[in-house]
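Presented below is the structure to which this report refers.
Read the figures in this text as sums done on the coordinates, not as results from a lab. All values reported here derive from a predicted model rather than from experimental measurement. In this analysis, Cβ positions are derived from the backbone assuming ideal geometry, glycine residues included, and neighbour counts consider all displayed protein chains.
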């Protein structure tokens, strides 16, 4: 990876992380989660081995996101089926998951390991690996 590419990637990751942090607090600085404490668990950096989209991330999205974000779901205008849709929505997904707004309070919560994998993958730039 060239130094220009590495710098561009670092800037992109920093911007996504800042947006996620901004989404996670209200104007008074408190957590914006619905009724419970939202963990401050955004990875500081991409792990040495990013989670695999096919092996690690796709199953999390399939189980926790596509019940709503698929054709016929209540949020079918925001599809998360397949890598292309997940990649295209990576910023909003990071913001919503990190701020504990997704899954919504009336849906089963994202398991801790699934949350970790999804946040790591997003901080890594959502690679198709």
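Summary table below
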item: Sorted by Cβ neighbour density within 10 Å, fewest at the top, the residues 41, 56; result: 41, 56
item: Mean Cβ count within 10 Å, highest first, over the residues of peptides 42-52, 80-90; result: 80-90, 42-52
